[in-house]
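Below is one structure, written out as structure tokens; the observations come after it.
The values are calculated or read from the model by the stated rules, or taken from the named source; none is laboratory data. All values reported here derive from a predicted model rather than from experimental measurement. For neighbour counting, all protein chains shown are included, and Cβ atoms are generated from backbone atoms with ideal geometry for every residue, glycine included. Surface areas here come from the heavy atoms of the whole protein model, side chains and all, with no ligands, DNA or RNA. Shrake-Rupley method; radii C 1.70, N 1.55, O 1.52, S 1.80 Å.
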Amino acid sequence: MMKIIPIILFAFFININSQENIEFSEWELVVSNQQFPEGITYDQKGNLYSSNCNGNWLTRISETNIDTFLLASDSTFQKTNGMFAIPDGSILATDFGKGVILKIDENRKTHILINGFEGKKFNRPNDLTIDENGNLFFTDPKTWGPEIFDGRVFYYNFSTNLLKQVLDSIAFPNGIGISPKDGRLYLSESAKSRILSFKLNSNGTLEDKKIFVVIPGGDPDGLNFDEEGNLYVAHFGGGNIYVISPEGKILKKVKTPGLKPSNVEFAGKDLMTFYITEDETNSIYKCRVNKKGFNIF
């Protein structure tokens, strides 16, 4: 199912702002023979997990091994995308096959955490993140199109089991994250080739919508932050990782091994190993970055 190939691919990058010293090493292939890999997440035990959107398994990567963590079935999952490892050892996952949000415990038992909204399954739950209080935000796109605004964002409070829709009328909401710098929520509006930001209120509501940056020529997809608040974005179809300052300035444009990078994650004990999922080559790659990734936990 999976094949490890000892090959190094070179990263060609452009330093757009020479005052910002962010350096990437060469890309190294971690694993190939994936099926539209996505949703990469790193847990507190040093394991990295990824979805296979067109496959029937979840991949697990440790320092010493790569294996299949979980196989799909009617009782587990159908098609997962975004995932997020939480402190109790579980993984939260968006299941766009079932239209639900899942919780997968340490024993690989899968539970439906949220089965829909107002009596209906979610459309295509895509990506998720956790705020500093441990509450969940996730995106729910439906139809891709720059003038089709049927995407939504939801908030879920674990303490009260409160679920509410906090955004609608988004043109394919995709990657989502919360900045350690300003505490705002950042959202890839893929069909508009831009990233939005919002003020995040204590009750989970969002306001003060701003267009943070526009990245044409592809879809902004998965995103993540370093500790300084710089945003790292997979540019699906554009074949690059963009690094964007908290002020919205593009600091770096890093060429990826394929044209369809889909998600990004910092990992390793020092959180300075940078992983990407890449869907043209159906592979996962890594490199070293001289910035420490942000870990909310």
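First check a/c for the stretch 131-199, with a ≥ b ≥ c the square roots of the eigenvalues of its C-alpha gyration tensor; if it is under 1.5, answer rounded, and if not, answer prolate when a/b is larger than b/c or oblate otherwise. Verdict is oblate for the stretch 131-199. Rounded to the nearest percent, how much of the accessible area of the chain (1.4 Å probe, protein heavy atoms only) is carbon and sulfur? Of all accessible area on the chain, carbon and sulfur atoms account for 47 percent. Which value, in Å to one decimal place, does the Kirkwood hydrodynamic radius take for the stretch 30-141 when every pair of different Cα atoms is included? Evaluated over the stretch 30-141, this radius sits at 14.0 Å.
Only the Cβ atoms of Lys and Arg (+1) and of Asp and Glu (-1) were treated as charged; on that basis the dipole of the chain about its Cα centre amounts to roughly 280 debye.
Working from label points 7 Å from Cα in the Cα-to-Cβ sense, the Asp74 to Lys103 distance is 2.5 nm.
Per residue, how large is the accessible surface of the chain? Use a 1.4 angstrom probe and give square angstrom. Numbers along the way, then the final one.
Working: 12540 Å² over 297 residues.
In whole numbers, the chain has 42 Å² accessible per residue.
Gain in length, Thr143 to Lys199, computed as 0.36 nm per residue apart minus the alpha-carbon separation, to one decimal in nm? Let's see the in-between values first.
Details: separation 56, 0.36 × 56 = 20.16 nm, distance 2.58 nm.
Full extension of this stretch gives 17.6 nm more.
What is the extension gain from Glu132 to Glu28, computed as 0.36 nm multiplied by their sequence separation minus the C-alpha to C-alpha distance, in nm to one decimal? Don't skip to the end; give the middle numbers.
Values: separation 104, 0.36 × 104 = 37.44 nm, distance 3.24 nm.
Taking 0.36 nm per residue and subtracting the Cα distance, the gain is 34.2 nm.
Rounded, prolate or oblate: which one fits the stretch 224-297, using the alpha carbon gyration tensor with axes a ≥ b ≥ c (rounded when a/c is under 1.5, else prolate when a/b beats b/c, else oblate)? Provide the component values of the computation, followed by the final result.
Numbers: a/c = 2.19, a/b = 1.27, b/c = 1.72.
Since a/c reaches 1.5 but b/c is at least a/b, the shape of the stretch 224-297 is classed as oblate.
Note: relative contact order over the chain, using C-alpha pairs below 8 Å and six or more positions apart, is 16 percent.
For the stretch 93-103, the Karplus equation 6.51 cos²θ - 1.76 cosθ + 1.60, evaluated at θ = phi - 60°, returns couplings of 9, 8, 10, 7, x, 8, x, 9, 10, 10, 10 Hz by residue, with Gly and Pro reported as x. Scalar couplings 3J(HN,Hα) for the stretch 159-174, obtained by applying the Karplus form with A = 6.51, B = -1.76, C = 1.60 to θ = phi - 60°, are 6, 9, 6, 7, 10, 8, 7, 10, 9, 9, 6, 10, 7, 6, x, 10 Hz; x denotes Gly and Pro.
Relative contact order for the stretch 74-196: what percent, with Cα pairs under 8 Å and sequence separation of 6 or more? Don't skip to the end; give the middle numbers.
Values: 304 pairs, mean separation 19.3, N = 123.
Relative contact order for the stretch 74-196 comes out at 16 percent.
Each listed q (0.09, 0.14, 0.15, 0.23 Å⁻¹) maps to a log10 I(q)/I(0) for the stretch 91-208, found by the Debye formula over equal Cα scatterers with no solvent: -0.22, -0.55, -0.63, -1.40. Remark: the chain projects, on average over all directions, an area of 13.9 nm² (convex hull of Cα atoms). Spatially, the stretch 140-196 and the stretch 201-254 are offset by 13 Å when compared through their Cα centroids. Look at the dipole of the stretch 136-195 built from charges on Cβ: of Gly183, Asn157, Pro141, the Cα furthest out on the positive end belongs to Gly183.
Taking the Cβ-Cβ separation of Glu228 and Asp67 as r and a Förster radius of 35 Å, what is the calculated FRET efficiency to the nearest 0.05? After rounding, the FRET efficiency stands at 0.55. The Cα-based radius of gyration and maximum Cα-Cα distance (Dmax) for the stretch 201-262 are 12.9, 41 Å.
The coefficient of translational diffusion for the stretch 82-153, derived via Stokes-Einstein from the alpha carbon Kirkwood radius under 20 °C and 1.002 mPa s, stands at 167 µm²/s.
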